[in-house]
1. Return the pairs, sorted by first residue and then second, in which the second residue is β-branched (V, I, T) and buried (at least 17 other Cβ atoms within 10 Å of the Cβ), the first residue lies in segment 51-67 and is in contact (Cβ under 8 Å) with a residue 60 or more places away in the chain, the beta carbons are less than 7 Å apart, and the residues are 6+ apart or on different chains.
2. Select from segment 245-261 the residues that are farther than 17 Å from A173 by Cβ and of a type outside the set (D, E, K, R) and write down the one among them that is most open to solvent (accessible area, probe 1.4 Å).
3. Test T93 against the criterion of being surrounded by fewer than 21 Cβ atoms within 10 Å (Cβ to Cβ), of a type in the set (S, T, Y) and closer than 22 Å to I125 by Cβ, and give yes or no.
4. Give, as residue ranges, the helices (runs of 4 or more DSSP H) completely inside segment 176-256 that count at least 2 residues that are in contact with a strand residue (DSSP E or B) (Cβ under 8 Å, 6 or more places away or on another chain).
5. Within the set of pairs 6 or more residues apart or between chains, which connect a residue that is more than 21 Å from R69 (Cα to Cα) inside segment 149-169 to a residue that is in a loop (DSSP other than H, G, I, E, B) and hydroxyl-bearing (S, T, Y) with Cβ atoms less than 8 Å apart?
6. Of all residues in segment 143-175, count the ones that are more than 17 Å from N62 (Cβ to Cβ) and open to solvent by less than 20 Å² (accessible area, probe 1.4 Å).
7. If I ask for residues that are of a type in the set (S, T, N, Q) and farther than 17 Å from L161 by Cα, which ones from segment 216-262 would you list?
8. Restrict the check to segment 214-225 and report whether at least one residue is polar (S, T, N, Q) and within 24 Å of V145 (Cα to Cα).
Amino acid sequence: MSVPSEGRSGRRPDGRSVADPAAPRGLRSLAVRDDEATELMDDPAADPVTLANTYARFGLVNAFVSGHRATYLRWIRPRLSPVWLTRVLDVGTGGADLPRRLLAWAAADGVRLEVVGIDPDARAIAFAREHQRRDPVPGLELRPVATGDLVAQGERFAVVLSNHVLHHLDPHAFGAFLADSERLVAPGGVAVHGDIERSRWGYAGFAAATWPFQGTILRDSYIRPDGLTSIRRSFTAPELAAVLPGDWRVRRAFPSRLEVTWSPT
C-alpha cells in the first residue's frame, strides 16, 4: 500500500537496498517494533515492472488479509442509501483494489456510493487510472494528492478509510494524518484506519502462506518481502492505544488486524 508522502521512509541511511525480510534476520524477536525497516515499493527507484505487478496483486492478497468485507458491513453499508449518494475516502489507495471492491458490493446491494481514492505516489495513481480505463467501475475517482490537500480544499466524507498506512508513518506524520482525518470526516461520519497487528504467529503465518507462491502468482512482485516488513513495522494494540490522541480508539479485528476509529462528538 502506498502511503502519504510525509510518512515515506525511502532508502536506508547507508543507501543500501533492503534485504528480503524472509531471510533469517527477519525471524528475530517481534517483541519490539522495527520502525527502521523499509519497504521495497516505497523506494523512488523501485523497478516499475515489479511495482506494477505488486499493485496488480494487492487485490488478491488483501482479499485474504485485510478484512475489507467486514469494513464494508460494519462501517460503510449502514450509511448507504438507494436515494442519496454517500462519499467515502480511501487514503493511500495504491492500486485502488479497496475502492473497486466497495463499489461492487454497493452496486450489488442497490445503494449509491462514490469512492475517492487518493495517493501522493503518482506511480500508484497512474496504475489505478490505467486499470480504471481498461475496466471502468462507476463511482470511482482517483487523485494524486495527500490528505492535507483535501483538508485545504474543504472536502468532507461520510467515511475516511485507510488500509496498511499507519505503520508507514513516523511520529510527526502519524499525528498529522489523524488530525487530517478528523477534519475530513463529515458530521455523523467516521474515520477507520485498518492495519496489521504485529505478532509472531502473524509473521510466521504470512511467511508460510506466501512461500509456495513465490515462483507463481507472487513472482516478480514486492508482496512477500514487503508484507513481512510491514508486520515488523506494525504496532500491537497496546502500543497503538498508547500513542492515539483524544477520542481515537483501537480495536482488534480478524485476522491479526487492528482498527483505529474516530467519530465527531
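The values are calculated or read from the model by the stated rules, or taken from the named source; none is laboratory data. Because the structure is a prediction, the values reported are computed rather than measured. Glycine gets a Cβ as well: all are built from the backbone with ideal geometry, and neighbour counts include every protein chain shown. For the accessible areas, the whole protein counts, side chains as well, though only heavy atoms, and no ligand, DNA or RNA atoms are used. Shrake-Rupley method; radii C 1.70, N 1.55, O 1.52, S 1.80 Å.
1. Listed by first residue and then by second, the contacts come to T54/I223; R57/I223; V61/I223.
2. Step one: filter segment 245-261 for residues farther than 17 Å from A173 by Cβ, giving 246-247, 249-259, 261.
Among the residues that remain, those that are also of a type outside the set (D, E, K, R) are: 246, 250, 253-256, 258, 261.
Numbers: G246: 71, V250: 43, A253: 31, F254: 171, P255: 33, S256: 25, L258: 1, T261: 23 Å².
Per the criteria, the residue is F254.
3. Numbers: surrounded by fewer than 21 Cβ atoms within 10 Å (Cβ to Cβ): no; of a type in the set (S, T, Y): yes; closer than 22 Å to I125 by Cβ: yes.
So T93 does not fit the description; no.
4. On the way: elements: 200-210, 223-233, 237-243.
In segment 176-256, the matching helices (runs of 4 or more DSSP H) lie at 223-233, 237-243.
5. So the pair list comes out as H167/S234; H168/S9.
6. Within segment 143-175, the first condition is being more than 17 Å from N62 (Cβ to Cβ), and the residues that meet it are 143-160, 169-175.
Checking the rest, the ones that are also open to solvent by less than 20 Å² (accessible area, probe 1.4 Å) come to 146-147, 150, 157, 159-160, 169, 173-174.
The qualifying residues number 9.
7. Restricting attention to segment 216-262, the residues satisfying the condition of being of a type in the set (S, T, N, Q) are 216, 221, 229-230, 234, 236, 256, 261.
Within segment 216-262, T216, S221, T229, S230, S234, T236, S256 qualify.
8. As a first pass, look at segment 214-225 and keep what is polar (S, T, N, Q): 214, 216, 221.
Subset that is within 24 Å of V145 (Cα to Cα): none.
So far as segment 214-225 goes, no, none of its residues is polar (S, T, N, Q) and within 24 Å of V145 (Cα to Cα).
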